[in-house]
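Participant: The structure is given below, and queries will be raised subsequently.
The values are calculated or read from the model by the stated rules, or taken from the named source; none is laboratory data. Only a predicted model underlies this, so the values are computations on that prediction, with no experimental measurement involved. Glycine gets a Cβ as well: all are built from the backbone with ideal geometry, and neighbour counts include every protein chain shown.
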Amino acid sequence: MNRRALLAGNWKMHMNIAQAVELAQAVAKAGSGCTDRDVMLAPPFTALASVAQALQGSNVLLASQNVAWEAQGAFTGEIAPPMLTDIGVRMAIIGHSERRQIFLEDDAMINRRLRAALAFGLTPVLCIGETLRERESGATFRVLEQQLRGALQEVSADRAEQIVLAYEPVWAIGTGKTATTAQAQEAHAFLRGLLADMFNKKVAETIRILYGGSVKPDNIDELMAQADIDGALVGGAALKIESFERIIRFQ
Ligand code: 13P
C-alpha cells in the first residue's frame, strides 16, 4: 500500500516566538529535499502565526495542538477553527493523551473537536492510546476501540478518509520507553482492521497511522519499516533540529 509517510513534530508547551521561527526555518530547510514524505509541525498557539510566515514557500505542514468545536463565541481559553485556517494552519492535533489525562477531555468532546476541524477544512490528527495499567490488564484493544469509535461518531466514510490517526501509548510518551516495533505494529494493524470494520477497506488503507512515544533517531528506521506504521508523531526529539532532521530522513 502506498501511503505517504508523515513525520510530525509536536512541540507541546515549548518555544518562544524567536526559538520557534528558528527551528521552523531549520526544519523547512531539512525537509526541502524530501519529495516522497510529508513533514508537519505543531508549535504552541502563540507561535503559530510567526511560524506560518516562516514556513511560507516550504512544503512543511502547519498544525495546531488543539481546536475548539465552535466557529466563535463565549469559549474562554479556546481557539476556533477559522482562526487557525485564517493564519495558514492546515491540520490540528486532537485528543492528545495530555489533553485527555490532564485536562479531562473525553471521547464526546474529542468527537466534537474532530467534526468541527473537518467541517472547517482542517485535517485532524487524532491521537489515541492506552495507559500502562490498561495494557497490563489486557485492555489495550478494548480501550483503543472505544477511543476510536468515540472520536469518529457520526463521521462519514468520505470524511474519515481525510484524517490522520496517531497511536500513542501513554506509557511510552516522554518516558524514553518506546513500544517495541512488534507492539506498535500489532496495535496499528488492529486499528486498520477496525477502520475497515467501521467504514470500509478503502478508508482503512488510505488513513495514515502514525506512531508516537519516545520516537528517536535510533528507533525511527525500524518503526518505519513496519507495514502499518506510516509515520511518527514526535515530542522531545522534535525540539532539536539534529534529532528531528534524522527522523525526517528515516531510511
Ligand atoms: P515524546 O516523543 O516526547 O515521547 O512525545 C510523544 C508525543 O506525545 C507526541 O505527541
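Participant: Going residue by residue through the range 214-221, is there one that turns out to be among the hydrophobic types (A, V, I, L, M, F, W, C), modelled with pLDDT of 95 or more and within 23 Å of Arg142 (Cα to Cα)?
Facilitator: To start, the set of residues in the range 214-221 that are among the hydrophobic types (A, V, I, L, M, F, W, C) comprises 215, 220.
Those still in the list that are modelled with pLDDT of 95 or more too: 215, 220.
Filter once more, keeping what is within 23 Å of Arg142 (Cα to Cα): none.
Within the range 214-221, none of the residues are among the hydrophobic types (A, V, I, L, M, F, W, C), modelled with pLDDT of 95 or more and within 23 Å of Arg142 (Cα to Cα).
Participant: Would you check if Ala117 is part of a helix (DSSP H, G or I), modelled with pLDDT of 95 or more and more than 16 Å from the ligand (Cβ to nearest atom)?
Facilitator: Working: part of a helix (DSSP H, G or I): yes; modelled with pLDDT of 95 or more: yes; more than 16 Å from the ligand (Cβ to nearest atom): yes.
In short, yes.
Rundown of residues vs (1) within 16 Å of the ligand (Cβ to nearest atom); (2) touching a strand residue (DSSP E or B) at 6+ places or on another chain (Cβ under 6 Å); (3) on the phi < 0 side of the Ramachandran plot; (4) part of a strand (DSSP E or B), yes/no style:
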| site | (1), (2), (3), (4) |
| --- | --- |
| Arg3 | no, yes, yes, no |
| Gly9 | yes, yes, yes, yes |
| His14 | yes, no, yes, no |
| Ala28 | no, no, yes, no |
| Gly33 | no, no, yes, no |
| Met40 | yes, yes, yes, yes |
| Leu48 | no, no, yes, no |
| Val89 | no, yes, yes, no |
| Glu98 | yes, no, yes, no |
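Participant: Can you go through Ala71, Ala20, Ala24 and tell me which one is in a helix (DSSP H, G or I), surrounded by fewer than 24 Cβ atoms within 10 Å (Cβ to Cβ) and aliphatic (A, V, I, L, M)?
Facilitator: On the way: Ala71 fails: in a helix (DSSP H, G or I); Ala24 fails: surrounded by fewer than 24 Cβ atoms within 10 Å (Cβ to Cβ).
So the residue among Ala71, Ala20, Ala24 that is in a helix (DSSP H, G or I), surrounded by fewer than 24 Cβ atoms within 10 Å (Cβ to Cβ) and aliphatic (A, V, I, L, M) is Ala20.
Participant: Still on this structure, I have one more. If you scan the range 196-224, which residues turn out to be assigned to a helix (DSSP H, G or I) and either buried (at least 20 other Cβ atoms within 10 Å of the Cβ) or of a type in the set (Lys, Arg) (or both)? Show your work before the answer.
Facilitator: At the first step, the residues of the range 196-224 found to be assigned to a helix (DSSP H, G or I) are 196-198, 201-206, 220-224.
Of everything in the range 196-224, those that are assigned to a helix (DSSP H, G or I) and either buried (at least 20 other Cβ atoms within 10 Å of the Cβ) or of a type in the set (Lys, Arg) (or both) turn out to be Lys201, Lys202, Val203, Ala204, Ile220, Leu223, Met224.
Participant: While we're looking at this one, here's another question. Restricting to the range 137-152, name every residue that is surrounded by fewer than 19 Cβ atoms within 10 Å (Cβ to Cβ) and on the phi < 0 side of the Ramachandran plot.
Facilitator: Applying the first criterion (surrounded by fewer than 19 Cβ atoms within 10 Å (Cβ to Cβ)) to the range 137-152 yields 137-139, 141-143, 145-146, 149-150.
Ser137, Ala139, Phe141, Arg142, Val143, Glu145, Gln146, Arg149, Gly150, listed by residue number.
Participant: Of the numbered conditions (1) buried (at least 20 other Cβ atoms within 10 Å of the Cβ); (2) touching an Asp or Glu at 6+ places or on another chain (Cβ under 9 Å), Arg99 fails exactly one; give the number of that condition.
Facilitator: Unmet condition: (1).
Participant: Separate question: Which residues, counting only those in the range 193-229, are within 12 Å of the ligand (Cβ to nearest atom) and under 15 Å from the mean Cα position of the chain (by Cα)?
Facilitator: Leu210, Tyr211, Gly212, Gly213, Ser214, Val215
Participant: Next question. Based on what the data block shows, is Ala232 assigned to a strand (DSSP E or B), under 18 Å from the mean Cα position of the chain (by Cα), at pLDDT 95 or above and within 16 Å of the ligand (Cβ to nearest atom)? Give the derivation first.
Facilitator: Working: assigned to a strand (DSSP E or B): yes; under 18 Å from the mean Cα position of the chain (by Cα): yes; at pLDDT 95 or above: yes; within 16 Å of the ligand (Cβ to nearest atom): yes.
When the stated conditions are applied, Ala232 passes them.
Participant: Would you please name the residue that is surrounded by the most Cβ atoms within 10 Å (Cβ to Cβ), looking only at residues in the range 165-192 that are within 16 Å of the ligand (Cβ to nearest atom) and free of Cβ contacts under 8 Å to residues at least 24 places away in the same chain?
Facilitator: Of the residues in the range 165-192, the ones within 16 Å of the ligand (Cβ to nearest atom) are 165-181, 183-184, 187-188.
This time we only want the ones that are free of Cβ contacts under 8 Å to residues at least 24 places away in the same chain, so: 180, 183.
On the way: Thr180: 12, Gln183: 16.
Restricting to residues being within 16 Å of the ligand (Cβ to nearest atom) and free of Cβ contacts under 8 Å to residues at least 24 places away in the same chain, the top hit is Gln183.
Participant: Out of all the residues in the range 225-242, is one or more crowded, with 21+ Cβ neighbours inside 10 Å and farther than 21 Å from Leu144 by Cβ?
Facilitator: Yes: the range 225-242 contains one or more residues that are crowded, with 21+ Cβ neighbours inside 10 Å and farther than 21 Å from Leu144 by Cβ.
Participant: Sort through Ile93, Ile102 and tell me the only one that's within 13 Å of the ligand (Cβ to nearest atom) and more than 30 Å from Glu222 (Cβ to Cβ). Give the derivation first.
Facilitator: Values: Ile93 fails: more than 30 Å from Glu222 (Cβ to Cβ).
Checking each option against the conditions leaves just Ile102.
Participant: Considering every residue within the range 123-134, establish whether at least one is in a helix (DSSP H, G or I), closer than 18 Å to Ile209 by Cβ and either charged (D, E, K, R) or at pLDDT 95 or above (or both).
Facilitator: no
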